[in-house]
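Engineer: Dropping the structure in here first, questions after.
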Amino acid sequence: MSLDNKGYTLLELLLVLIIVVVIGSCALVMNNRYVEKHTFDLFYNQLILDTRHLQLTAMNERKNITLSFDSGGTRYAGRKSFFESVFRRELPPGYRLSTRSNLQELSFHPNGTIVKFGTLTFETPSGIKIIHVYIGKGRMTLE
């Protein structure tokens, strides 16, 4: 009777499985970090686009326009008046406007200048993010 050695041993299969699991978990951790950073970048870019849209609307319609955050800080809306909304947006899950933020809304004069300048402070899963809103045409930078 001859023994046929054409298969793999259990030890060899377990070793290969451990290597695959370690490589897969490393890739998953790297992907999560990328997704967290990418999520904030998308939110920040959308906020910039929304403020510019409201600024142009204020200049075109020659009236005050406001971007305001709700009391929980998880949503914001662009408004022409109390009753007329331009858009509403939800912040990504886990994001909210901090109570340490000295701005709760951004308002634009009919000539496109910002009414009040300061900082928007956001609490995110990866830490605190601060957006500085400057006097004048409402330019914003991320800290």
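The values are calculated or read from the model by the stated rules, or taken from the named source; none is laboratory data. Please read these numbers as outputs of a predicted model, since none were measured by experiment. Positions of Cβ are generated from backbone atoms using ideal geometry, with glycine treated the same way; all protein chains shown enter the neighbour counts.
Engineer: What are the pairs with Cβ atoms under 8 angstrom where one residue, in the range 31-48, is basic (Lys, Arg) and the other, located anywhere, is surrounded by 10 or more Cβ atoms within 10 Å (Cβ to Cβ)? Sequence gap at least six, or different chains.
Structural biologist: So the pair list comes out as 37/126.
Engineer: In a helix (DSSP H, G or I) and at pLDDT below 85 - does that describe any residue in the range 49-61? Steps first, answer last, please.
Structural biologist: We begin by selecting, within the range 49-61, every residue in a helix (DSSP H, G or I); these are 49-61.
Next cut, at pLDDT below 85 only: none.
Checking the range 49-61: not a single residue is in a helix (DSSP H, G or I) and at pLDDT below 85.
Engineer: Against the definition (of a type in the set (Gly, Ala, Ser), in contact with a helix residue (DSSP H, G or I) (Cβ under 9 Å, 6 or more places away or on another chain) and at pLDDT below 90), how does residue 85 come out, yes or no?
Structural biologist: Values: of a type in the set (Gly, Ala, Ser): yes; in contact with a helix residue (DSSP H, G or I) (Cβ under 9 Å, 6 or more places away or on another chain): no; at pLDDT below 90: yes.
For residue 85, the condition - of a type in the set (Gly, Ala, Ser), in contact with a helix residue (DSSP H, G or I) (Cβ under 9 Å, 6 or more places away or on another chain) and at pLDDT below 90 - is not met.
So that you can scan it fast, the table gives a plain yes or no per residue for (1) within 30 Å of residue 108 (Cβ to Cβ); (2) of a type in the set (D, E, K, R):
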site	(1), (2)
7	no, no
10	no, no
14	no, no
22	no, no
51	yes, no
56	yes, no
75	yes, yes
85	yes, no
90	yes, yes
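Engineer: Could you tell me how many of the residues in the range 76-106 are over 20 Å from residue 130 (Cβ atoms) and not hydrophobic (A, V, I, L, M, F, W, C)? Full working, then the answer.
Structural biologist: To start, the set of residues in the range 76-106 that are over 20 Å from residue 130 (Cβ atoms) comprises 77-88, 90, 93.
Of the ones still in play, those that are also not hydrophobic (A, V, I, L, M, F, W, C) are 78-81, 84-85, 88, 90, 93.
So the count comes out to 9.
Here's the yes/no breakdown for (1) without any contact (Cβ under 8 Å) to a residue 24 or more places away in the chain; (2) closer than 20 Å to residue 41 by Cα; (3) buried (at least 16 other Cβ atoms within 10 Å of the Cβ):
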residue	(1), (2), (3)
63	no, no, no
70	yes, no, no
73	no, yes, yes
80	yes, no, yes
122	no, yes, yes
131	no, yes, yes
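Yes/no matrix, rows are residues, columns are (1) farther than 15 Å from residue 68 by Cβ; (2) of a type in the set (Ser, Thr, Tyr); (3) outside any loop (DSSP other than H, G, I, E, B):
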{"position": "86", "(1), (2), (3)": "no, no, yes"}
{"position": "89", "(1), (2), (3)": "no, no, yes"}
{"position": "102", "(1), (2), (3)": "no, no, no"}
{"position": "112", "(1), (2), (3)": "yes, no, no"}
{"position": "119", "(1), (2), (3)": "yes, yes, yes"}
{"position": "129", "(1), (2), (3)": "yes, no, yes"}
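Engineer: Report the residue count in the range 56-81 for those that are more than 14 Å from the chain's Cα centre (by Cα) and under 20 Å from residue 97 (Cβ atoms). Let's see the steps before the verdict.
Structural biologist: Just the residues of the range 56-81 that are more than 14 Å from the chain's Cα centre (by Cα), to begin with: 56-72, 77-81.
In the following step, the residues that additionally are under 20 Å from residue 97 (Cβ atoms) were identified as 65-72, 77-79.
Result for the range 56-81: 11.
Engineer: Let me ask something else. Would you mind finding the one in 88, 96 that is surrounded by 15 or more Cβ atoms within 10 Å (Cβ to Cβ) and either free of Cβ contacts under 8 Å to residues at least 12 places away in the same chain or basic (Lys, Arg) (or both)? Outline the logic, then answer.
Structural biologist: Working: 88 fails: surrounded by 15 or more Cβ atoms within 10 Å (Cβ to Cβ).
Of the residues listed, the single one that is surrounded by 15 or more Cβ atoms within 10 Å (Cβ to Cβ) and either free of Cβ contacts under 8 Å to residues at least 12 places away in the same chain or basic (Lys, Arg) (or both) is 96.
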